[in-house]
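What follows is one structure encoded as structure tokens, with my remarks underneath.
The values are calculated or read from the model by the stated rules, or taken from the named source; none is laboratory data. Computed from a predicted model, the values in this text were never measured in an experiment. Glycine gets a Cβ as well: all are built from the backbone with ideal geometry, and neighbour counts include every protein chain shown. Note: accessible area is taken over every heavy atom of the protein model, side chains too, but ligands, DNA and RNA are not part of it. Shrake-Rupley method; radii C 1.70, N 1.55, O 1.52, S 1.80 Å.
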Amino acid sequence: MADTILVTGGAGYVGSHVVVELAKAGYAPVVLDNFANSTPAVLPRLQALAGRPIPSVTADVRDAAALRAVFHDHPIAAVVHCAGLKAVGESQERPLAYYDVNVGGAIALAEVMGEAGVATLVFSSSATVYGQPDHLPVPEDAPLRPHSVYGRTKRVVEDFLRDLAKANDNWRIAILRYFNPAGAHSSGMLGEASRGKPANLVPLLCKIAAGELAELAIYGGDWPTADGTGVRDYLHVQDLAEGHVAAMRYLAKAHGAHTLNLGAGRGHSVMEVVAAFEKACGRTIAKAVAPRRPGDVAAYYADPARAAKLLEWRASRDLQVICADAWRWQRNGGRY
Ligand code: UFG
């Protein structure tokens, strides 16, 4: 029988793609989400893409009683923990909410997993834990100096999970440091649909190309990079989701906590992303250089060698595919 995998935040941008890839790989995903930044309208699409029923539970990951009920009702073998708050700017204004949801959620989940005897966990961390790196590409043992409250909540949870695994060898934990997830499902049926104005580059380009926003403010044209704009490691969200499946397979044979970068291993500047997006949508993106955004760094991209070696995973979709898939999602409405 297929292993049942609980995906917290399974209705969200990354979680929804993880659910589909898990199902494609033969697992039986169960979604837990409080729909704080997502909608149940994604669920029928998940079932259609997965080709199987996807049970869904509406609950907050901090709610230990609700979690206990999920573990009672479903034969959960492992958990992918994607649920959390993720807006860098908002985290500076609402530190209590970010520590509560991100740290409190992980503690409640680990507690109930312990009670249920479930010890396999894949955790959504972020490359933001590195802050400004000293060297590129960034390996997993680079110093952790997050610039934001959001990044610090991820670092705290990482430490917590490594401490759990040190104290009890039963745990099998993969801590996945995402670089810049972008793009949408190639079917055009799943994509980023966060509430409010997007903060991230590719969703902004979608809205500008569609005429919903006027122009792109390029946050700094004088960074120490080849064209003066910020450089990031954009990773197709389906590649990222496949990385979770690879991590789940790896944990079947590995105890302990394993920290892994998930990135494509190459950087693209804001100007390169704009050019790729213009090519994908066949429209011109209005843009103007604006002041740097507080907390931003010039450049970072992953050293993905550990994931390649241990997980036998690497990103296979390039920037042009990311832009084409994001634009397809936008043309389909860009929302659920
Ligand atoms: N950018 C602009 N204009 C915009 C938005 C972004 O020029 O309106 C630039 C940024 O300065 C940066 C690049 O586009 O150079 C990418 O910015 P994003 O906001 O899309 O991504 P970030 O790298 O800032 O953020 C991502 C994740 C966060 C994570 C962070 C860690 O979205 O969840 O990496 O730095 F915390």
Self-check item: Length-normalised contact order of the range 227-321 in % [C-alpha pairs under 8 Å, at least 6 apart]
Solution: 51
Exercise. Kindly write out, for the range 303-313 in residue order, the coupling ³J(HN,Hα) from the Karplus curve 6.51 cos²θ - 1.76 cosθ + 1.60 (θ = phi - 60°), rounded to whole Hz, with x marking Gly and Pro.
Key: 8, x, 5, 5, 5, 4, 6, 7, 8, 6, 10
Practice problem: List, in the order given, every pair from K166/K253; K86/K287; K197/K287; K24/K253; K154/K253; K253/K309 whose Cα-Cα distance in the structure shown is over 24 Å. | Solution: K86/K287; K154/K253
Quiz item: Cα gyration tensor of the range 48-202, axes a ≥ b ≥ c as square roots of the eigenvalues: rounded (a/c below 1.5), prolate (a/b > b/c) or oblate?
Solution: oblate
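If I stretch the segment between F160 and L96 completely, what's the gain in nm (0.36 nm per residue apart, minus their alpha carbon distance), one decimal?
Details: separation 64, 0.36 × 64 = 23.04 nm, distance 1.80 nm.
Value of the extension gain: 21.2 nm.
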Exercise. Could you let me know the centre-to-centre spacing of the range 82-140 and the range 295-310, using Cα atoms, in angstrom?
Key: 17
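With a/c under 1.5 counting as rounded, go ahead and sort the chain into rounded, prolate or oblate using the C-alpha gyration tensor (a ≥ b ≥ c being the square roots of the eigenvalues; past the cut-off, prolate if a/b is larger than b/c, else oblate).
Working: a/c = 1.69, a/b = 1.37, b/c = 1.23.
Prolate is the answer for the chain, as a/c is 1.5 or above and a/b outweighs b/c.
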Quiz item: Tell me, what % of the accessible area of the range 20-177 is carbon and sulfur with a 1.4 angstrom probe?
Solution: 54
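Please give the contour-minus-distance gain from A214 to Q320: 0.36 nm per residue of separation, less the Cα-Cα distance, rounded to one decimal in nm. Let's see the in-between values first.
Details: separation 106, 0.36 × 106 = 38.16 nm, distance 2.28 nm.
Full-extension gain reported as 35.9 nm.
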Self-check item: Separation of the K24 and A288 label points, Cα + 7 Å toward Cβ, nm
Solution: 4.1
Practice problem: Considering Cα pairs under 8 angstrom that are at least six residues apart, work out the relative contact order of the chain and quote it in whole percent. | Solution: 19
Quiz item: Quick one: if you stick a label point 7 Å off each Cα along the C-beta vector at E278 and A167, how many nm between them?
Solution: 5.5
Quiz item: Round to a whole number: what % of the accessible area of the range 241-336 belongs to carbon and sulfur, probe 1.4 Å?
Solution: 49
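For the chain, what does the helix formula give at 222 nm: sum of -39500 (n - 2.57) over DSSP H segments with n ≥ 4, over the residue count, nearest 500 deg cm²/dmol? Write down the numbers at each step before the final one.
Numbers: 11 runs with 121 residues, N = 336.
Value at 222 nm, helices only, nearest 500: -11000 deg cm²/dmol.
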Quiz prompt | Candidates A41, A87, A78: whichever shows maximal mean-square fluctuation once the chain is modelled as a Gaussian network with Cα springs under 10 Å | solution = A41
Quiz item: Ignoring ligands, DNA and RNA, what accessible area per residue does the chain give at 1.4 Å, in Å²?
Solution: 41
Quiz prompt | Note, ³J(HN,Hα) from phi for the range 23-38, Karplus 6.51, -1.76, 1.60, rounded to Hz, x at Gly and Pro | solution = 4, 4, 7, x, 8, 10, x, 10, 8, 10, 7, 9, 6, 5, 9, 7
Quiz item: Which residues' amide hydrogens lie under 5 Å from the amide hydrogen of L262, considering only partners 5 or more residues apart or on another chain, with H built in the peptide plane?
Solution: R177, Y178, F179
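Pull out a ≥ b ≥ c, the square roots of the eigenvalues of the alpha-carbon gyration tensor of the range 184-264, then state rounded if a/c is under 1.5, prolate if not and a/b is larger than b/c, and oblate in the remaining case.
Details: a/c = 3.19, a/b = 1.60, b/c = 2.00.
The shape class here is oblate.
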Practice problem: Pairs of Cα atoms under 8 Å, at least six residues apart: use those to get the relative contact order of the range 119-185, whole percent. | Solution: 49
Exercise. Starting at the first residue of the range 195-200, write each ³J(HN,Hα) from the Karplus equation 6.51 cos²θ - 1.76 cosθ + 1.60 with θ = phi - 60°, in whole Hz, x for Gly and Pro.
Key: 6, x, 5, x, 9, 9
